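Here is the structure we will look at, set down as structure tokens.
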Amino acid sequence: MKRKIYNDLLEWKKRSNGKTAILIDGARRIGKSYIAEEFAKENYETYILIDFSKVPQAIKDLFENYLDNLDYLFTYLSQYFGKKLYERNTLFIFDEVQFCPRARSAIKHLVADGRYDYIETGSLISIKKNVKDILIPSEEHILKMKPMDFEEFMWAMGNSTMMDFIKKCYETREPLGQALHRKAMDYFKEYLIVGGMPQAVEIYSQTRDFEMVDEIKRDILTLYRQDIRKYGEEVALKAEKIFDEIPSQLQKHEKKFNLASVDVNARYREYYGAFYWLDDAGLINIAYNTTEPNIGLNLNKDSNSFKCYMFDTGLLLSMAFDEKGIVSEEIYKKILFDKLTFNEGMMIENIVAQMLVNAKRKLYFFSRTDRDNSEDTMEIDFLIAKSKITSKHNITPIEVKSGKNYTFSSLKKFKNKYKEYLTYSIIIHQEDLKEENGILYMPIYMTELL
């Protein structure tokens with residue numbers, strides 16, 4: 001599975017030259033261990049992978065007892081794993097490093113020694129329990145890993161050229177044309193259904209069997225629920241309630257998360273820790289309401305008004321259609337060919353959020369209700385800022401439309417009220433690219449190019 005994070009690892013190796021370690025952080029089952037080992041095989045003479053979820057306690061104890069004798073530490077590891085060590089050409093992979101916090105703390109001394117390179121991988125890595133009583137090394141560079149994006153999905157499907165053409169059309173503001181747009185949308189619908197979890201993508205690329213894909217996704221969802229119960233401690237029950245509530249929350253027209261549906265007496269301050277836990281674990285993407293569409297969207301965010309998206313839309317689909325424990329092949333095919341009537345908007349908005357996060361965007365939206373003045377009642381799905389800030393016109397409003405027939409009254413009101421704040425506007429839809437009246441109508445598969 002070709003992943004873009006591989007290039008980040010190459011850049012780290014070249015730039016760091018042993019002066020930092022790298023921590024690949026992210027949810028479970030997104031391919032952290034796989035990419036670390038592939039990188040090791042292709043870029044080092046030898047490597048040692050230490051899976052701290054499996055190794056005996058004696059290996060963990062080495063990092064407690066022999067940091068003042070690194071020669072012994074390296075000799076022991078070399079003999080135990082049967083690998084010869086080459087100075088500046090051996091990589092150590094500390095897999096599932098959250099199970100051995102002392103190994104993570106040891107990175108400071110190992111990097112200072114300078115003989116070898118180090119990659120750590122972990123899930124739930126920054127949860128308080130896993131860093132208690134250890135020194136977080138300043139020599140550690142953190143790299144966040146997400147599910148496969150749309151381009152990586154197409155690579156896995158055997159198409160390595162189409163995204164380059166899509167990028168060219170986006171840059172020149174030219175439509176793809178009917179035939180290629182339809183082909184791109186066919187790929188995108190498959191991505192919407194399968195999602196970006198590497199194991200699900202791999203099975204689909206080999207079999208095109210939606211039921212096999214769904215079984216894998218349900219196993220992953222079960223694993224995540226087990227993680228929540230195992231590691232969530234005092235917030236576990238609340239976190240699991242939130243996690244299971246996501247599909248029904250996104251099904252509503254007003255997609256802001258309503259805590260009353262979880263607990264009629266719930267208060268945000270009581271559930272903040274559970275939302276933070278899920279976000280920290282990489283299982284959700286949170287979008288905050290910003291009260292003013294100006295530079296510094298974070299400065300004007302309302303922490304009590306937010307939307308909660310699933311971090312992978314393929315998993316969300318399996319959560320949404322779970323009456324019999326498995327989404328039938330027939331339901332998937334009807335979604336693929338637009339033959340199933342359901343609130344597709346929840347899936348489309350979720351995947352747009354996912355793709356914006358893949359583009360390294362933080363998620364913000366704008367929502368205001370004024371009972372006395374309808375012109376001040378509006379909701380904009382997402383807001384993004386320009387990369388180069390000017391004195392005016394820095395914010396791009398984005399509206400997401402799932403159907404072919406739609407209106408955009410909120411966007412019109414928003415443009416009139418905040419015209420000095422805004423650059424051009426974007427409507428993400430399922431048709432080809434076009435520009436009209438200061439609005440860029442962008443096909444959904446281009447979202448990651450933002």
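The values are calculated or read from the model by the stated rules, or taken from the named source; none is laboratory data. Computed from a predicted structure; not experimentally measured. Because the Cβ atoms are built from the backbone with ideal geometry, glycine has one as well, and the counts that use them run over all protein chains shown.
Summary table below
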item: Region 144-198 - residue that is free of Cβ contacts under 8 Å to residues at least 40 places away in the same chain and assigned to a loop (DSSP other than H, G, I, E, B) and, of those, surrounded by the fewest Cβ atoms within 10 Å (Cβ to Cβ); result: 161
item: Residues of region 220-249 classified as within 22 Å of the chain's Cα centre (by Cα) and on the phi > 0 side of the Ramachandran plot, total; result: 0
item: Region 425-447 residues that are in contact (Cβ under 8 Å) with a residue 60 or more places away in the chain, paired with ones that are crowded, with 21+ Cβ neighbours inside 10 Å and of a type in the set (Ser, Thr, Tyr) (beta carbon under 7 Å, 6 or more apart); result: 428/447
item: Residue identified as under 27 Å from residue 278 (Cβ atoms) and touching a helix residue (DSSP H, G or I) at 6+ places or on another chain (Cβ under 9 Å) among 242, 166; result: 242
item: So residue 271, is it at pLDDT below 90, hydroxyl-bearing (Ser, Thr, Tyr) and at negative phi; result: no
item: Given (1) part of a helix (DSSP H, G or I); (2) within 36 Å of the chain's Cα centre (by Cα); (3) surrounded by 12 or more Cβ atoms within 10 Å (Cβ to Cβ); (4) without any contact (Cβ under 8 Å) to a residue 40 or more places away in the chain, number of the condition residue 85 does not satisfy; result: (1)
item: Subset of region 352-376 [in a helix (DSSP H, G or I) and either under 11 Å from the mean Cα position of the chain (by Cα) or surrounded by fewer than 22 Cβ atoms within 10 Å (Cβ to Cβ) (or both)]; result: 353, 354, 355, 356, 357, 358, 374, 375, 376
item: Test for residue 396: is it in a helix (DSSP H, G or I), at pLDDT 95 or above, polar (S, T, N, Q) and within 29 Å of the chain's Cα centre (by Cα); result: no
item: Residues of region 266-284 satisfying the condition of being among the small types (Gly, Ala, Ser) and in contact (Cβ under 8 Å) with a residue 60 or more places away in the chain; result: 281, 282
item: Test: residue 349 is buried (at least 19 other Cβ atoms within 10 Å of the Cβ), in contact (Cβ under 8 Å) with a residue 60 or more places away in the chain, touching a strand residue (DSSP E or B) at 6+ places or on another chain (Cβ under 6 Å) and among the charged types (D, E, K, R); result: yes
item: Search result, residues across region 199-229 that are in a helix (DSSP H, G or I) and of a type in the set (Asp, Glu); result: 202, 211, 214, 215, 219, 227
item: Boolean, residue 52 is in contact (Cβ under 8 Å) with a residue 60 or more places away in the chain, within 22 Å of residue 282 (Cβ to Cβ) and surrounded by 17 or more Cβ atoms within 10 Å (Cβ to Cβ); result: no
item: Residues of region 15-32 that turn out to be among the hydroxyl-bearing types (Ser, Thr, Tyr) and surrounded by 18 or more Cβ atoms within 10 Å (Cβ to Cβ), as a count; result: 1
item: Residue 107 being touching a residue at least 24 places away in the same chain (Cβ under 8 Å), farther than 23 Å from residue 13 by Cα and either crowded, with 21+ Cβ neighbours inside 10 Å or in contact with a strand residue (DSSP E or B) (Cβ under 8 Å, 6 or more places away or on another chain) (or both); result: no
item: Any hit, region 86-108, residues being in the same structural domain as residue 34 (by TED's automatic domain parsing), among the polar types (S, T, N, Q) and over 20 Å from residue 143 (Cβ atoms); result: yes
item: So residue 422, is it among the hydrophobic types (A, V, I, L, M, F, W, C), touching a residue at least 60 places away in the same chain (Cβ under 8 Å) and either on the phi > 0 side of the Ramachandran plot or buried (at least 18 other Cβ atoms within 10 Å of the Cβ) (or both); result: yes
item: Top-ranked residue in region 199-224 [being aliphatic (A, V, I, L, M) and touching a residue at least 12 places away in the same chain (Cβ under 8 Å); ranked as surrounded by the fewest Cβ atoms within 10 Å (Cβ to Cβ)]; result: 223
item: Selection from region 250-306 of residues that are basic (Lys, Arg), outside any helix (DSSP H, G or I) and either surrounded by fewer than 16 Cβ atoms within 10 Å (Cβ to Cβ) or within 19 Å of the chain's Cα centre (by Cα) (or both); result: 252, 267
item: Elements of type helices (runs of 4 or more DSSP H) in region 1-80, at least 3 residues being within 27 Å of the chain's Cα centre (by Cα); result: 5-16, 32-43
